[in-house]
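Structure record follows, encoded as structure tokens.
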Amino acid sequence: MENISIEVGPKDEQRYKYSWSNDTYTVSLISDTGLKRVNNEDRCIFSLPQNEELYRNLGMLIAVADGMGGATAGEHASELAVRTLCESYYAYGNLLIPYALMNAVSKANSTIYSLSESNPNYFGMGSTLSSVIVTGDNAYIAQVGDSRVYLQRNSKKLQQITTDHSVVAEQLKEGLISKEEAKNHHMKNIITRALGVKDTVDVDMFSLYLQEGDTLLLCTDGLSNMVDDSVIQELLESDDLSLSLNLLVDRAIEGGGTDNITACAIKIIGEPCHLNLQKHPQLKYIEPYPTVNLLNRLLSFFKKRE
């Protein structure tokens with residue numbers, strides 16, 4: 001794609017790493033095959049428009065995908081997911097971000113589904129997808145499956161923005177099992193939504209404002225199943241983002257490394273420009289740590305009146 005820098009991993013190495021930064025953001029990607037798998041069915045992508053107008057309109061894209069299917073079908077599905085997402089998203093340059101993102105996820109779904117239906121080698125393949133668009137102080141998130149997006153803000157408790165589309169997550173929500181039971185549940189890897197399984201897919205979409213010091217983490221379940229949220233929070237508090245992700249993958253390996261492990265993160269290291277969030281009927285606005293933010297707004301209001 002012209003005027004867009006695209007980084008897709010992993011490649012052939014056991015542990016793949018990539019980093020990028022400017023005055024406002026730093027980005028890091030990492031993926032490890034783990035101890036039990038022969039090949040890596042995870043994929044991650046970071047894309048950055050070099051064209052100023054395209055960057056201003058559509059921002060940068062980060063995504064992770066966890067493929068499923070026999071032989072090489074899983075890794076092919078996750079590769080298709082991130083590449084089709086990226087190519088389609090930036091092709092919708094005349095749309096608002098939420099609409100372009102939703103259309104791009106739908107295109108990724110239909111691309112995987114069509115190939116699965118037409119090629120016996122790829123029958124039944126599918127992929128999770130968690131993607132984030134960042135522009136100014138805005139973040140737009142689209143998610144299908146059980147890969148996750150977390151927010152780490154200062155020293156506050158790590159917040160999971162997305163909801164897992166899995167059997168265990170639904171049982172937990174309905175109060176049928178406890179959080180402790182969910183951790184080791186025999187059905188924890190069974191997902192209820194994935195790209196490419198049907199001709200259409202339901203997509204969860206979120207938006208939130210970012211501020212200096214925030215870190216958004218995207219990861220596959222090879223990390224989130226093996227490392228507690230408290231440890232993720234502790235390690236993300238480091239100023240060195242690439243080191244944090246490397247240590248997180250090390251922890252997942254120490255915990256057994258039973259799956260491929262992939263994590264992408266963007267940290268806000270400078271004050272981002274303020275932009276109004278765009279609207280979409282399926283977009284859910286997230287107010288991180290609402291009590292604290294409300295208090296800060298009230299204090300700011302009264303200071304202005306003094």
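The values are calculated or read from the model by the stated rules, or taken from the named source; none is laboratory data. Owing to the predicted nature of the structure, the values given are computational and were not obtained by experimental measurement. In this analysis, Cβ positions are derived from the backbone assuming ideal geometry, glycine residues included, and neighbour counts consider all displayed protein chains.
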Log entry, pairs with first residue in the stretch 88-109 being without any contact (Cβ under 8 Å) to a residue 12 or more places away in the chain, second being surrounded by fewer than 17 Cβ atoms within 10 Å (Cβ to Cβ), beta carbons closer than 8 Å, six or more apart or on different chains, reads 95/103
Return the total of residues in the stretch 46-73 being among the β-branched types (Val, Ile, Thr) and touching a residue at least 60 places away in the same chain (Cβ under 8 Å).
2
Give the number of residues within the stretch 82-110 that are over 25 Å from residue 11 (Cα atoms), buried (at least 18 other Cβ atoms within 10 Å of the Cβ) and hydrophobic (A, V, I, L, M, F, W, C).
4
For the stretch 15-97, which fully contained strands (runs of 3 or more DSSP E) count at least 2 residues that are among the basic types (Lys, Arg)?
15-21
Residues of the stretch 21-35 classified as under 17 Å from residue 262 (Cα atoms) and crowded, with 16+ Cβ neighbours inside 10 Å, total
8
Quick check on residue 225: is it at pLDDT below 95, surrounded by 13 or more Cβ atoms within 10 Å (Cβ to Cβ) and closer than 21 Å to residue 9 by Cβ?
yes
Among the strands (runs of 3 or more DSSP E) confined wholly to the stretch 190-277, which include 1 or more residues that are farther than 23 Å from residue 16 by Cβ?
204-209, 261-268
Condition test on residue 68, is it within 30 Å of residue 255 (Cβ to Cβ) and at pLDDT below 95?
yes
Single match in 114, 130 (criterion: touching a Leu at 6+ places or on another chain (Cβ under 6 Å) and modelled with pLDDT of 95 or more)
130
Restricting to the stretch 243-275, and then to whatever is in contact (Cβ under 8 Å) with a residue 60 or more places away in the chain and over 21 Å from the mean Cα position of the chain (by Cα), can you tell me which residue is surrounded by the most Cβ atoms within 10 Å (Cβ to Cβ)?
275
Do we find a residue being surrounded by 14 or more Cβ atoms within 10 Å (Cβ to Cβ), among the charged types (D, E, K, R) and at pLDDT below 95 anywhere in the stretch 182-191?
yes
Take the stretch 122-133 and flag every residue that is farther than 13 Å from residue 89 by Cβ and not in a loop (DSSP other than H, G, I, E, B).
122, 126, 127, 130
Please pick out the residue among 51, 40, 57 that is within 19 Å of residue 121 (Cβ to Cβ) and not small (Gly, Ala, Ser).
40
Please go through (1) surrounded by fewer than 20 Cβ atoms within 10 Å (Cβ to Cβ); (2) farther than 20 Å from residue 68 by Cβ for residue 115 and return the number of the only condition it doesn't satisfy.
(2)
Go through (1) over 18 Å from residue 20 (Cα atoms); (2) of a type outside the set (Phe, Trp, Tyr); (3) in contact with a Cys (Cβ under 8 Å, 6 or more places away or on another chain) for residue 77 and report which single condition fails.
(3)
